[in-house]
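These notes are about the structure you will find just below.
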Amino acid sequence: MSALRTMRDSLPLFWLLLAVPAVAQLTGWWSGRTDTMDMLHPTGETSARLMIAAMLIGPLMGLFGPRGWLRWLLARRRSLGVAAFAYAILHTIFYIIDMGNVADMLAEVLAPGIWTGWAALALFLPLALTSNNAAMRRLRAGWKQVQRLVYPAALLTLLHWAWVHNSYAAALAHLAPLALLWLLLAARQIAVRLPSPNLRSGV
Amino acid sequence: MRITALVLAASAGLAVMTATPAAATGAIKCQAGPQSGWKSTEALTAMLVKEGWTVRKAKVDGGCYEVYGTTPEGDRVEAYFHPVTFEKLYVARRGQVLFRKAGY
């Protein structure tokens, strides 16, 4: 039992888990089973999923309070975010390999599906660079401001996804759990603010 | 109890994420009849190469042939062709529509 608990609480093991999709994706590419072009979707999707997962933890905390499993997740939120960035970098590397030259990349940089991707990556950069204790100490209150960049970054990521994919479906499906939690939080806030109907009628 | 809630939440999230099919990008649709009446992707690729295209990949999408490649003008695009007539129906570059045949 204690061995299981040690495994559950091991951060290196969690990182190993986060690396599993990359290993699977890269193995497919090395072996020649996956074209460079077809590396773009899985790496980008993994990045977006990890980003959404990290973003779900805050609203879950807000809804359920500091439960044990949420504390476990909260302790791994930074790992999820940094892993999302790592997959975004992998995604960018494969985009560069696939395009093959700067001229082709510049030619499409203003296409809706492309500038949104670059802009999202640009916003991810300060997020990733400040995902450490030293940056948290140095920036103090400003740290939270920097980390709030995740919201525009997420919006750009989902737009990038929808536009390169010619469909909003997949991007919206990934936004759905987050939107649901935000709605629940907002609904509860409204419910708390309104005086209870029972009180008003004096019952 | 906690584990149940966690598993429930995780599976619900996973269900939502995997509910949408990844295959069809759904840019346009073709009603071209049964596949036995279609010409081959090899023939389409050969025709396009002759016109000056570079073809990276050709596959079926939405009942049309979808081609990833470079146009004779040098644009990296995703293009749709009718699988029977090989008529060009749609050309887009990362969400920017460069050509769309009327009616499609």
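Please go through the range B:73-104 and pick out each residue that is of a type in the set (Phe, Trp, Tyr) and within 12 Å of the chain's Cα centre (by Cα). Let's see the steps before the verdict.
Step one: of the range B:73-104, the residues of a type in the set (Phe, Trp, Tyr) are B:80-81, B:86, B:90, B:99, B:104.
The answer is B:Tyr80, B:Phe81, B:Tyr90.
Given the structure, is A:Thr27 open to solvent by 30 Å² or more (accessible area, probe 1.4 Å) and either modelled with pLDDT under 95 or at positive phi (or both)? Considered against the rule, which asks whether it is open to solvent by 30 Å² or more (accessible area, probe 1.4 Å) and either modelled with pLDDT under 95 or at positive phi (or both), A:Thr27 comes out as no. Taken together, the residues in the range A:93-104 that are open to solvent by less than 30 Å² (accessible area, probe 1.4 Å) and either out of contact with any strand residue (DSSP E or B) (no Cβ under 8 Å at 6 or more places or on another chain) or at pLDDT 95 or above (or both) amount to 3.
For the range A:4-16, the criterion of a residue being in contact (Cβ under 8 Å) with a residue 12 or more places away in the chain and under 24 Å from A:His174 (Cβ atoms) is satisfied by at least one position. There is at least one residue in the range B:78-101 that is open to solvent by 20 Å² or more (accessible area, probe 1.4 Å), more than 14 Å from chain A (Cβ to nearest Cβ) and either of a type in the set (Lys, Arg) or touching a Pro at 6+ places or on another chain (Cβ under 7 Å) (or both). Every condition in (1) of a type in the set (Ser, Thr, Tyr); (2) buried (at least 18 other Cβ atoms within 10 Å of the Cβ); (3) more than 21 Å from A:Met37 (Cα to Cα) is met by A:Ser167 except one, and the failing one is (3).
Taking the criterion of being over 15 Å from the mean Cα position of the chain (by Cα), farther than 21 Å from A:Gly117 by Cα and not charged (D, E, K, R), the residues of the range A:27-59 that qualify are A:Thr27, A:Gly28, A:Trp29, A:Trp30, A:Ser31, A:Gly32, A:Thr34. The set of residues in the range B:58-76 that are within 13 Å of B:Ala43 (Cα to Cα) and open to solvent by 20 Å² or more (accessible area, probe 1.4 Å) comprises B:Ala58, B:Lys59. Let me confirm something: among A:Val109, A:Val82, which residue is open to solvent by less than 60 Å² (accessible area, probe 1.4 Å) and part of a loop (DSSP other than H, G, I, E, B)? Matching residue, one of A:Val109, A:Val82: A:Val109.
The values are calculated or read from the model by the stated rules, or taken from the named source; none is laboratory data. Note that the coordinates shown come from a computational prediction; the quantities given were computed from them, not determined experimentally. Reconstructed Cβ throughout: ideal geometry from the backbone, glycine too, with neighbour counts over all protein chains shown. Heavy atoms of the whole protein, side chains included, go into the accessibility calculation; ligands, DNA and RNA do not. Shrake-Rupley method; radii C 1.70, N 1.55, O 1.52, S 1.80 Å.
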